[in-house]
Every structure is written in structure tokens, then in C-alpha cells.
Amino acid sequence: MDQYDVAIIGSGPGGYVAAIRCAQLGMKTAIIEKYSTLGGTCLNVGCIPSKAMLDSSHHYEDATKHFEEHGIEIPGEIKVNLEKMIARKQSVVDQTTKGIEFLMDKNKITVYEGIGSFKDATHINIKKNDGKTEEIEAKNIIIATGSKPSTLPFITLDKERVITSTEALKLKEIPKHMIVIGGGVIGLELGQVYKRLGAEVTVVEYMDRIIPGMDAALSKELTKVMKKQKVKFALSHKVKSVERKGDQVIIKADDKKGQEVVFEGDYCLVAVGRKPYTDGLNADAAGVKFDERGKVIVDEHLKTSADNIYAIGDVIKGAMLAHKAEEEGTLVAEILAGQKPHIDYNLIPGVVYTWPEVAAVGKTEEELKEAGVEYKAGQFPMRALGRARASMDIDGFVKILADKKTDEVLGVHMIGARCADLIAEAVTAMEFRASAEDISRMSHAHPTYAEAVKEAALAATDNRALHV
Ligand SMILES: Cc1cc2nc3c(=O)[nH]c(=O)nc-3n(C[C@H](O)[C@H](O)[C@H](O)COP(=O)(O)OP(=O)(O)OC[C@H]3O[C@@H](n4cnc5c(N)ncnc54)[C@H](O)[C@@H]3O)c2cc1C
């Protein structure tokens, strides 16, 4: 039987990063993945393919709607070849997952393909795809089995017309009318992809706003911009049935007055969140305990109820984000090596890759109000930037929230072009506990979108933004 210092179950961004860091720290490491490609949800059916589709559809929208304003004329009709678009997405996924294979090889990590299940706290049975089983032994085990799409109890996901994000990334036709249940990150990103490609898109959301966990000002602005893009929203609507009739889907919901509203389309994307995935893991046999939502219970060192078993990523509490899973993978590897690492969960940024992009870190205004923290806010509109006007990406703003007395930055919320990248400045500043004045005194290259961060900091410091 092969023996390891550490075995990791699941090769998503949590698992594969944990494996690399364990190997870097000198541990004999194995990783077990049930699929034939490594990289988990993120690389195969999540972050990477969705961004590939967002980029392709963005190019199409630019070509059909914006090139002309730039003085670019394309004779003849511009058409979408969806099959080719999806094939390109797949080749991006293939390159990326192969990259993980290379990294496993480079770091001398043994990869097992098959379903890992606990025999006891130190032994894992691996049921391989050819039906054979193999047992390995490991001193320490990391559960990184991730998540899968959740649904509502009355919905039958037929995966043809009533679909999850996984199927939405490989449709064979552009929907005529896609009804998206859920106004969270995944629903909005994929809804925007198909809207750009020509579908009618209606987002039906239970809460009274989209991206409910983010600062309310971001929800408001994104709703406004997406409405301009002709996405329809039915907020405060409680979906009560989803029925397929031939090639049609019929969704019934109650609005906030309790009146029934019927939506008809040809595809229904169910994007109501994700749930932890531990099917077949048999973690009980190792003494691992779960909470009422099926998440593995861990302590502050991400240790489960079993002494030598840790859990990371989507399968435990906290934001379901690839970079959160990666940080946790690194943290556990370093703990196993006897180090004392730390993650500041307040500084894990959240991003929505719609266009305009939405990004945030730290506390929202709603959270500060609820906690009774005295704060000041500085906001700067993207439209006041030369760079934004040059590219005609004028929607959005940057908002900085700082402590009223100390001026320490407590939260940064932004919507606009390239905010997914701009948020890194805010994370850096907050990691070093910068004040709004610190940011406002740093030189920001001109003309860039980053100038909006400096201007928002000036606005927060003393209400002295320069360009409004
Ligand atoms: C459409 C979509 C878009 C997304 N976009 C983003 C984004 O832009 N940015 C972002 O940060 N996050 C994004 N996410 C979320 C992100 O994908 C997840 O947070 C991340 O993948 C979680 O990583 P993980 O390592 O915990 O688990 P996963 O990536 O889910 O990986 C778990 C792996 O474990 C394997 N596994 C499970 N059980 C077993 C077993 N018993 N034996 C062997 N293998 C097993 C699974 O097959 C899987 O490969 C997106 C998700 C979706 C669905």
C-alpha cells in the first residue's frame, strides 16, 4: 500500500494549491480526483469557461454595437458561430487543466484518478474508473471536494431546457428567451453572455435586489446598467414552479403582493447557489462532522472533528470562491509544516465579471451601519475619468468607506471597466491598514481607471476629489 504524508481529496483550486504547497514544504503528497481532468469546478465548469464565454460574447457585442462609433466599419453581417465559440472555450479549459497536470508532475505529486472514500481516519479507498479499487494510507488528509449547483425542491433539472451553469456553458443554440432564476453572480454572468449573443433574458430574483450580499449601491448601479442592456428583472419574486412543455419552459412565481406571474421561455437557468459536495466520501467513518447544511465543520485552523483531517474551499463555511479555496489550501499545508499562517477573511475580495465589472472588499455600508461604526464615504464616478471616456466605458463608480476618526479604509466597492483587477489595490491597501489619505497621496498613472480609486480616496479624506 502506498503511504503519504498528506493525501488530498479533490483537485479544484483548493486541492491542487494545497498539494503544490505541501510538496514545496517537503511532504510526500497524493491528490485524488474523480474526473479525468484536474482543476475542479473552477477550471472545468466554473471560473475559467465562464470568463472565456464572457470575453467572446463581449467581443461580439463590441463588434455589433460599438465598433461603428469607433469608426470601424465591417461590411456584411456579423454572425455568432456558437459551436466555434464553445470549442474555443473548451480549448482554454483544456490548456488550463493540462497546466495543472504539469504542475502536479513538476512537484512530484502522485495523482490518483477515481472516487476517494474514507475507510478510516488514515486510509482512503480509491474506486477507479475501470472498476478497480486501490487503498492508500496518509498521515494527514485534506478534504477539498468542493460543491455542486443547488436547486429548489420542486424543480426537475432535465439538463436540456431546465439547466444549471454547467449546461449553460455548452449550449448548442442561442436561447430565444432564457429565464434565469437567481440574481447572484453566476446567473448574472451567464445571463449577460446570452443577452449579448441575442437572447432575451429575464432574471427572476427572490430578494428585492440582485447581488444581495454586496453593497446596495453596487446592486443599484448594476441593475441600472443591465436594464440599459435590455436584461429584464423581476425582483421580489418567489418562484413556485418550473415546468417543461416540449421546447418551452413555464415558470410561475408570486410577486411581493402575492400575485402570480408567469414567465415563458425556451431555457431556464437555475442559478440559486451551490451546495457542498461530499457524496461517496464516507467521511463519517473517519469521525468528520457536518453542519445542518452539509458543510464540513472545521475549527480556526480548518481542522475537522478528526485530528489529522482538514477541509478547505467550497465544502466548508465561507464564500464559495476559488481564491478563498486557494488561500485555505496554502494555510493547511503551512499548518501541517508547523508554520503559523493566517487568513484575513475580511480581505477576500468578491467579484462579478459582468461588464461593467463589480468588485468589493471589506465592509459594506449596510454592515457598518448595522455594527454602529462611524464612517465616511467618498465616491467617484467613472465617467469623470479621461480613460473611461476614451474607451467609452463610462458606467460605474468607486466608493471608499473609511473610519470617521482614524481614516482607516474599511471597505472599497467598485463597479466599472476592469474593476476585477482594480480591486487588488484596495486589498493591498487594506492589508497594510492604509488610511484613505494614504491612498489619496499615492501617484496613480494617468490616464487609468485606477485614478478613480485615488479620487474616491480624496473624496473620503476631505471631500476633495479633484475631477468632479
Ligand atoms: C459558473 C461558475 C463560475 C464561477 N466563477 C468564479 C469566479 O470567477 N471566481 C471565483 O473565485 N469563483 C468562481 N466560481 C466558484 C469556484 O469555481 C469555486 O469556489 C471553486 O472551484 C471551489 O474550489 P474547491 O477546490 O473548493 O472545489 P471544486 O473546484 O469544486 O473542486 C472539487 C473537486 O473535488 C472532486 N471530488 C469531489 N468528491 C470527490 C471524491 N470523493 N473523490 C475524488 N474527487 C472528488 C470534484 O470532482 C472536483 O473536481 C464559479 C463557479 C461556477 C459554477
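What follows is calculated from the coordinates using simple rules that are stated; it is not laboratory data. Since the model is a prediction, treat every value here as computed from it, not as a measurement. Cβ atoms come from the backbone with ideal geometry, glycine included; neighbour counts cover every protein chain shown.
Among all helices in the chain defined by DSSP H, which have a length of 24 Å or more along the axis from Cα atoms plus a Kyte-Doolittle mean of at least -1.0?
82-106
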Furthest towards positive pole of dipole, Val262, Ala168, Ser440, structure part the chain, Cβ charges: Val262
Classified through the alpha carbon gyration tensor (a ≥ b ≥ c as square roots of its eigenvalues; rounded if a/c is under 1.5, else prolate when a/b is larger than b/c, else oblate), the range 162-272 comes out oblate
With a cut-off of 8 Å between alpha carbons and a minimum separation of six or more residues, what is the relative contact order of the chain in percent? 15 percent
Ordered by packing density, taken as the mean number of other Cβ atoms within 10 Å over each peptide's residues, highest first, how do 407-419, 324-336, 51-63, 6-18 rank? 6-18, 407-419, 324-336, 51-63
Rounded, prolate or oblate: pick one for the range 347-460, where a ≥ b ≥ c are the square roots of the eigenvalues of its C-alpha gyration tensor, a/c under 1.5 means rounded, and failing that, prolate if a/b is larger than b/c, else oblate. prolate
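What percentage of all Cα-Cα pairs in the range 61-135 are separated by more than 16 Å?
73 percent
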Whole-number D in µm²/s for the range 268-312 (Stokes-Einstein; Kirkwood sum over Cα pairs; 10 °C, 1.306 mPa s): 135 µm²/s
Convex hull projection area averaged over all views, the chain, Cα basis, nm²: 25.0 nm²
Normalised per residue, the volume of the convex hull around the Cα set of the range 394-436 (Å³): 56 Å³
Among the listed pairs Lys230/Lys324; Lys148/Lys224; Lys295/Lys376; Lys65/Lys89; Lys51/Lys132; Lys98/Lys132, which have their C-alpha atoms separated by more than 28 angstrom in this model? Lys230/Lys324; Lys148/Lys224; Lys295/Lys376; Lys51/Lys132
Convert 25 °C to kelvin, take the viscosity as 0.890 mPa s, use the Kirkwood radius over C-alpha pairs of the range 111-213 as Rh, and evaluate the Stokes-Einstein diffusion coefficient in µm²/s, rounded to a whole number. 144 µm²/s
Normalising by the residue count of the range 1-105, find the relative contact order in percent from Cα pairs under 8 Å and 6+ residues apart. 29 percent
Take the alpha-carbon centre of the range 88-129, take the same for the range 1-62, and report the distance between them in whole Å. 8 Å
Of the listed peptides 133-140, 184-191, what is their order by residue-averaged count of other C-beta atoms within 10 Å, with the highest listed first? 184-191, 133-140
Dividing the Cα radius of gyration by the Kirkwood radius, what Rg/Rh value follows for the range 116-159? 1.18
Backbone N under 12 Å from the Lys405 label point (7 Å along Cα→Cβ), restricted to the range 335-376: 373-375
Computed helical MRE - 222 nm, the chain, DSSP H runs ≥ 4 contributing -39500 (n - 2.57), nearest 500: -9500 deg cm²/dmol
What is the magnitude of the charge dipole of the chain about its Cα centre, with +1 placed on the Cβ of each Lys and Arg, -1 on the Cβ of each Asp and Glu, and no other charges, expressed in debye to the nearest 20? 720 debye
Of the beta bridges DSSP finds with both residues in the chain, what % are antiparallel, to the nearest 5? 60 percent
Roughly how far apart, in whole Å, are the Cα centres of the range 424-466 and the range 244-319? 38 Å
